[in-house]
């Protein structure tokens with residue numbers, strides 16, 4: 001597990017006073033309201049930034065960082081990731097996990113047979129869907145419902161599933 005979690009990526013500048021437009025990579029973009037600091041990952045090293053202001057525009061978050069007051073100071077950071085440490089991450093409820101901790105996990109059946117690897121998670125309105133690549137290279141979609149997802153062991157990177165009839169056809 002990584003000690004950092006991505007919360008967004010800078011897509012462009014916003015205005016001339018150092019604000020940036022951020023595409024949020026978190027389930028709840030409003031989490032930026034309570035966020036005080038972020039880490040900007042740059043090719044030359046990490047920058048610890050203090051958030052001075054937060055606004056919202058369409059699907060984007062507009063951030064203003066303390067001591068970055070000019071478009072020229074911030075323009076070079078377009079396309080770079082904003083991350084937080086686990087201590088600054090949102091608190092999870094029971095049976096909730098960070099996607100970054102789950103991707104790449106081994107998927108086994110309820111009969112303890114290795115089935116494949118978790119490759120992606122699709123977020124739908126009703127329930128999430130786990131995209132598993134089988135040992136044979138086939139893509140299988142498994143709904144993230146209690147009847148199918150029996151156990152998620154993030155520490156050991158293993159997900160135990162029950163394959164309902166028709167899921168592997």
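Applying the selection to the stretch 93-105, what residues are assigned to a loop (DSSP other than H, G, I, E, B) and modelled with pLDDT of 90 or more?
Residues satisfying the conditions are 103, 104, 105.
Examine the stretch 55-62 for a residue that is crowded, with 18+ Cβ neighbours inside 10 Å, touching a helix residue (DSSP H, G or I) at 6+ places or on another chain (Cβ under 9 Å), over 19 Å from residue 100 (Cα atoms) and modelled with pLDDT of 90 or more, and state whether such a residue exists.
yes
Please find, among 83, 108, 54, 90, the residue that is in contact (Cβ under 8 Å) with a residue 60 or more places away in the chain and assigned to a strand (DSSP E or B).
The match here is 83.
For the stretch 60-80, how many residues are without any contact (Cβ under 8 Å) to a residue 40 or more places away in the chain, under 17 Å from residue 48 (Cα atoms) and outside any loop (DSSP other than H, G, I, E, B)?
Of the residues in the stretch 60-80, 1 are without any contact (Cβ under 8 Å) to a residue 40 or more places away in the chain, under 17 Å from residue 48 (Cα atoms) and outside any loop (DSSP other than H, G, I, E, B).
Within the stretch 134-149, count every residue that is outside any strand (DSSP E or B) and buried (at least 16 other Cβ atoms within 10 Å of the Cβ).
2
Which condition breaks for residue 116 when tested against (1) without any contact (Cβ under 8 Å) to a residue 40 or more places away in the chain; (2) buried (at least 18 other Cβ atoms within 10 Å of the Cβ); (3) not assigned by TED's automatic domain parsing to the domain that holds residue 154?
(3)
Suppose we keep only residues that are in a loop (DSSP other than H, G, I, E, B) and over 14 Å from residue 116 (Cα atoms) within the stretch 150-169. Which one would you say is modelled with the highest pLDDT?
Among residues in the stretch 150-169 that are in a loop (DSSP other than H, G, I, E, B) and over 14 Å from residue 116 (Cα atoms), the one modelled with the highest pLDDT is 156.
Across the stretch 150-169, which residue is surrounded by the most Cβ atoms within 10 Å (Cβ to Cβ) among those that are more than 22 Å from the chain's Cα centre (by Cα) and free of Cβ contacts under 8 Å to residues at least 40 places away in the same chain?
My answer is 167.
The values are calculated or read from the model by the stated rules, or taken from the named source; none is laboratory data. Quick caveat, the model's predicted, so the values are computed rather than measured. All Cβ positions, even for glycine, are placed from backbone atoms using ideal geometry, and neighbour counts span all protein chains on display.
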